[in-house]
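Heads up: the structure comes next, in structure tokens.
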Amino acid sequence: MTFMKRILLGTAAAAAFAGTAAAADLTVGFSQIGSESGWRAAETSVSKLEAEKRGIDLKIADAQQKQENQIKAIRGFVAQGVDAIFLAPVVATGWDTVLEEAKDAEIPVILLDRTIETSDDSLYLTAVTSDTVHEGKVAGDWLVKTVAGKPCNVVELQGTVGSSPAINRKKGFEDGIASASNIKITRSQTGDFTRAKGKEVMEGFLKAEGGGKDICALYAHNDDMAVGAIQAIKEAGLKPGTDILVVSIDAVPDIFKAMADGEANATVELTPNMAGPAFDALKAFKDSGKAPEKWIQTESKLYTQADDPMKVYEEKKGLGY
Amino acid sequence: MSRMLMAGLTRAAPQLICLAVILLLNWLAFPGFFDMRIQDGRIFGSVVDVLNRGAPVVILAVGMTAVIASKGVDLSVGAVMAMAGAVAATMTVAGYPLLVVLLAALGTGVLCGLWNGLLVGFFDLQPIVATLILMVAGRGIAQLITEGTIVTFIDPGLIFFGTGSFFWIPMPVILAVLVTAMAVLLVRRTALGLLIESLGVNRSASSYAGVNSRLLLLLIYAFCGLCAALAGIIVSADIRGADANNAGLWLELDAILAVVIGGTSLLGGRFSIVMSVLGAIIIQAMNTGILISGFPPEYNLILKAGVIIMILLAQSLSRTGFLHVLRPAPTQTAEAKVKRA
């Protein structure tokens, strides 16, 4: 059903944009990692929308989580003589050779969402990524402002142990609340970024902290864990969003539904729109020849219950999260 | 009867002592561990959490015990959980009645089990390889069914299997008890248990003795798939959504571990379903203890590995005697040396 709809939409879009595509002044090849998460799928569909908006011809190659496929795709783009290459690198190392080939062909490369390790940073034009430390800080700042000096014990659901978003989002949040001596993290445990573990760990927190009476706020490193934890809070007979404040990161559609129901308070967006700023930087570079900064940081926007969550939910639902 | 009970308790002594020690440690780490109260019509407390969270692995372990007793192993149960959850969630969202949804999800598990049984019983693939195929492919199929997203549902009937309760007892616990009781009755009140054990000890000998080993293997793997599907329904009902990427991830290892802690040999033969269930509860008591202990999460896996080593050592020592390790290892006899030369 949805598959058919997609094909129909695809053909309609293709027909509508056939004119612009033929006249496109830019052709960009995008080597995407794959579709390992809902966010990744959303990034792909937003990239297509942003390209259409600007009349850019975007060719997407799905690498199915394999670096060799990405290298093949980049060589293919070089052979086709595209105007620029976008790369969401699946791993950090091993890109030097293929990027030198692109450089020799004078095709600028822009990194999306993740960066690479290389001794020669002239191999790419710029990198468009989110600052995960900053995301944590935005969440921390929100909590400091919201509790306004009242004492507040926070429980934290960490991401997968050792993963960089988990390390950075923890650090950022701690930076954010460092100035507020009234806020303390009393418990911190990993929920592996999943709903099921988020729920299980929250059940443990609730028991360990006087049935939840001693918890003032929950900070989860992603929305999925928060959604699981919200169920645990409800089953313990408490009101998530009122008895226990809930703040998390990512801004996936389901957390907006929870916010609309008053069960979550805030989320910090990890925007799936990495391609938009990349297109803008590319256009400016092509027009003026001036190279952009080496790092373009995407906005980490804070959403609260006041931001009409139901409307955002409807907007985000169709993006493939 | 009481003598049989005593014999059973003696055999289960190492596991029971382990469980008692873990519960004691949990109580020391968190004095409110044994507190209980009624909350929204169901019992609420850490001990209930252990049973409730342990239920999916208990159910997996019941099926896994039968497979391991037949000298096999089923690595695909985690992926089957994800598939059954995905089927249940997508069909619920599509508006099918609860009974159809349940039958379809359980049917998925049985089909997967039949596939494994076919590969092991009829095509003589090694169980670890045969079930590895579905372990990898199954999660892909689950992702295809959910189209890569977490499919959420609000149907109260399906949710009841995860968070509902009956006489104040959480539904997953009731299901786990029912599955265990039925499986024990089935294998111990009929000849089925004996046939499975004979298959595990020596398949060709039992075939010569008239056991239809192919059909039996087919049934054993189908039963294991059925258990996995039920666990998958519980897990997705619990979070009101099917998460194809993470549902049941690595749970096949927990299920195998539960069977091993319960004392069933990976080489097949004698088995005990009740002991495997005890093993699953030990694992969950440890998990819950780690979560409420307040240790930093970096220690989770180390603590878990440490405790498991202790349990298995205790088990091994209680069987062979404490002095066994001090005795020199058996050496080759002169006769054997001559034969080899």
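The values are calculated or read from the model by the stated rules, or taken from the named source; none is laboratory data. What you are looking at is a predicted structure, and each value in this text was computed from that prediction instead of being measured. Cβ: placed from backbone, ideal geometry, glycine included. Neighbour counts: every protein chain shown. Note: areas computed on protein heavy atoms with side chains; ligands, DNA, RNA excluded. Shrake-Rupley method; radii C 1.70, N 1.55, O 1.52, S 1.80 Å.
A few notes on this one:
- Residues that are under 18 Å from A:Leu143 (Cβ atoms), in contact with a Leu (Cβ under 7 Å, 6 or more places away or on another chain) and open to solvent by less than 20 Å² (accessible area, probe 1.4 Å), drawn from the stretch A:237-286: A:Ile244, A:Val246, A:Val247, A:Ile249, A:Ala251, A:Asn265, A:Ala266, A:Val268
- The stretch B:236-263, residues that are part of a helix (DSSP H, G or I) and open to solvent by less than 30 Å² (accessible area, probe 1.4 Å): B:Ser236, B:Ala237, B:Asp238, B:Ile239, B:Glu252, B:Asp254, B:Ala255, B:Ile256, B:Ala258, B:Val259, B:Ile261
For every residue, the table says whether it meets (1) farther than 23 Å from A:Val133 by Cα; (2) aromatic (Phe, Trp, Tyr); (3) at the interface with chain B (Cβ under 8 Å from one of its Cβ atoms).
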residue: A:Asp175; (1), (2), (3): no, no, no
residue: A:Ser179; (1), (2), (3): no, no, no
residue: A:Asp192; (1), (2), (3): no, no, yes
residue: A:Arg195; (1), (2), (3): no, no, yes
residue: A:Lys199; (1), (2), (3): yes, no, yes
residue: A:Asp214; (1), (2), (3): yes, no, no
residue: A:Asn222; (1), (2), (3): no, no, no
residue: A:Glu235; (1), (2), (3): yes, no, yes
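- Meets criteria (within 10 Å of another protein chain (Cβ to nearest Cβ) and farther than 19 Å from A:Glu135 by Cβ) for A:Thr186: yes
- Looking across B:Leu114, B:Leu103, B:Leu132, one residue alone is out of contact with any strand residue (DSSP E or B) (no Cβ under 8 Å at 6 or more places or on another chain) and under 30 Å from B:Met286 (Cα atoms). It is B:Leu132.
- Boolean, A:Phe77 is assigned to a strand (DSSP E or B), within 19 Å of A:Ala275 (Cα to Cα) and either in contact with an Asp or Glu (Cβ under 8 Å, 6 or more places away or on another chain) or among the aromatic types (Phe, Trp, Tyr) (or both): no
- Residues that are open to solvent by 70 Å² or more (accessible area, probe 1.4 Å) and within 14 Å of another protein chain (Cβ to nearest Cβ) do not occur anywhere in the stretch B:200-220.
- Of all residues assigned to the stretch A:63-78, none qualifies as being of a type in the set (Asp, Glu) and under 22 Å from A:Ile296 (Cα atoms).
- Failed item, numbered, when A:Val227 is tested on (1) open to solvent by 50 Å² or more (accessible area, probe 1.4 Å); (2) within 10 Å of chain B (Cβ to nearest Cβ); (3) within 19 Å of the chain's Cα centre (by Cα): (1)
- Conditions (1) over 21 Å from A:Asp250 (Cβ atoms); (2) under 21 Å from the mean Cα position of the chain (by Cα); (3) in a loop (DSSP other than H, G, I, E, B); number of the one not met by A:Arg114: (1)
- Subset tally (residues that are under 18 Å from B:Val184 (Cα atoms), open to solvent by 30 Å² or more (accessible area, probe 1.4 Å) and part of a loop (DSSP other than H, G, I, E, B)) for the stretch B:266-306: 1
- Some residue of the stretch B:163-179 being more than 28 Å from B:Val235 (Cβ to Cβ) and surrounded by fewer than 19 Cβ atoms within 10 Å (Cβ to Cβ): no
- Matching residues in the stretch A:309-321 - criterion: being surrounded by 14 or more Cβ atoms within 10 Å (Cβ to Cβ) and outside any helix (DSSP H, G or I): A:Leu319, A:Gly320, A:Tyr321
- Selection count, the stretch A:121-147, where residues are within 30 Å of A:Pro108 (Cα to Cα), open to solvent by less than 20 Å² (accessible area, probe 1.4 Å) and β-branched (Val, Ile, Thr): 3
- Just one of the listed residues (A:Ala260, A:Ala275, A:Ala266) is over 22 Å from A:Leu218 (Cβ atoms), of a type in the set (Gly, Ala, Ser) and in contact (Cβ under 8 Å) with a residue 24 or more places away in the chain, namely A:Ala275.
- Hey, A:Glu299 modelled with pLDDT under 95, open to solvent by 50 Å² or more (accessible area, probe 1.4 Å) and within 15 Å of the chain's Cα centre (by Cα) or not: yes
- Looking only at the stretch A:26-73, and only at residues there that are polar (S, T, N, Q) and not in a helix (DSSP H, G or I), the one that is most open to solvent (accessible area, probe 1.4 Å): A:Gln64
- Residue match in the stretch B:68-80 (condition: within 14 Å of chain A (Cβ to nearest Cβ), surrounded by 16 or more Cβ atoms within 10 Å (Cβ to Cβ) and not basic (Lys, Arg)): yes
- Of the residues making up the stretch A:148-162, those that are open to solvent by 10 Å² or more (accessible area, probe 1.4 Å) and in contact (Cβ under 8 Å) with a residue 12 or more places away in the chain are A:Gly149, A:Lys150, A:Pro151, A:Asn153, A:Gln158, A:Thr160, A:Val161.
- Search result, residues across the stretch B:19-38 that are modelled with pLDDT under 90 and either more than 14 Å from chain A (Cβ to nearest Cβ) or open to solvent by 30 Å² or more (accessible area, probe 1.4 Å) (or both): B:Ala29, B:Pro31, B:Asp35, B:Met36, B:Arg37, B:Ile38
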